[in-house]
Amino acid sequence: MIRHAKYLLAVPFVLLASACTTSDPNYCAVNMRGDLDNAMRTVETKLDTGCEYQFDNYFQSLLTLAEANPDKNNRRYFSDHLMRVQDMGVISRRQAEGLYNRYFNVKFVSLQGDYNTCSQTCPIRKQVMSDMKAELHDKELGLLRASNDAASFYRADHLLKETDLVLEATCRACLAGGDAR
């Protein structure tokens, strides 16, 4: 009898775990039409009920919906949405900040850190610039097409061009000076 007791104790846990999943393959599907804020609330409900693995797909779909309905308020909607999703534990604070900044902030997340440019950035300068250009494409979607904020997008574009020039000059100076830090 005691041997079987451990199996009886395991049954409620198995049932509880299976109750958290659904057998409906379309359960996590979300119809992304209409009002962006309402679509975000629907996504948050799905994320809170077992569809966390769909976060990236939902986020891209929300960006597409915002692009189809550009509005300056979309930046705030995305900020609020990312904070709520972070509060739910679906993504970390760092991920929330990174996503928001990648799409809706003039500053680049691709070039951050307090490190020596000569020894750490110059050797991978081409990769850094490639990453920043890809991020500019994301900023075009978030700032320009989804949020209708041309001024911020063009500031980001200008910042990218300035960064390229500064890195080129800095890396040349590093080579000329023999700085191998």
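Per-structure values
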read-out: Segment residue 49-residue 131, length gained on full extension (0.36 nm per residue, minus Cα span); value: 26.1 nm
read-out: Projected-area average for region 71-142 over all orientations - Cα convex hull basis, square nanometres; value: 5.5
read-out: Global form of region 32-100, assessed from the alpha-carbon gyration tensor, a/c cut-off 1.5; value: oblate
read-out: Region 81-117: chymotrypsin sites (Phe, Trp or Tyr not before Pro) in DSSP loop, at most 12 other beta carbons within 10 Å; value: 115
read-out: Debye, to nearest 20: dipole size of region 100-181, +1 on Lys, Arg Cβ, -1 on Asp, Glu Cβ; value: 60
read-out: Calculated over region 58-181: convex hull of Cα atoms, volume per residue (Å³); value: 98
read-out: Net lengthening on full extension, residue 64/residue 37 (0.36 nm per residue, minus Cα-Cα); value: 8.4 nm
read-out: Region 25-84 - accessible surface per residue (Å², probe 1.4 Å); value: 55
read-out: Theoretical gain in end-to-end length, residue 155 to residue 107 [0.36 nm per residue, Cα-Cα removed]; value: 16.4 nm
read-out: Residue 163/residue 24 FRET efficiency (R0 35 Å; Cβ-Cβ; nearest 0.05); value: 0.15
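The values are calculated or read from the model by the stated rules, or taken from the named source; none is laboratory data. Keep in mind that this is a model prediction, so the values were computed, not measured. Reconstructed Cβ throughout: ideal geometry from the backbone, glycine too, with neighbour counts over all protein chains shown. Side chains are part of the model used for accessible areas, which takes the heavy atoms of the whole protein and leaves out ligands, DNA and RNA. Shrake-Rupley method; radii C 1.70, N 1.55, O 1.52, S 1.80 Å.
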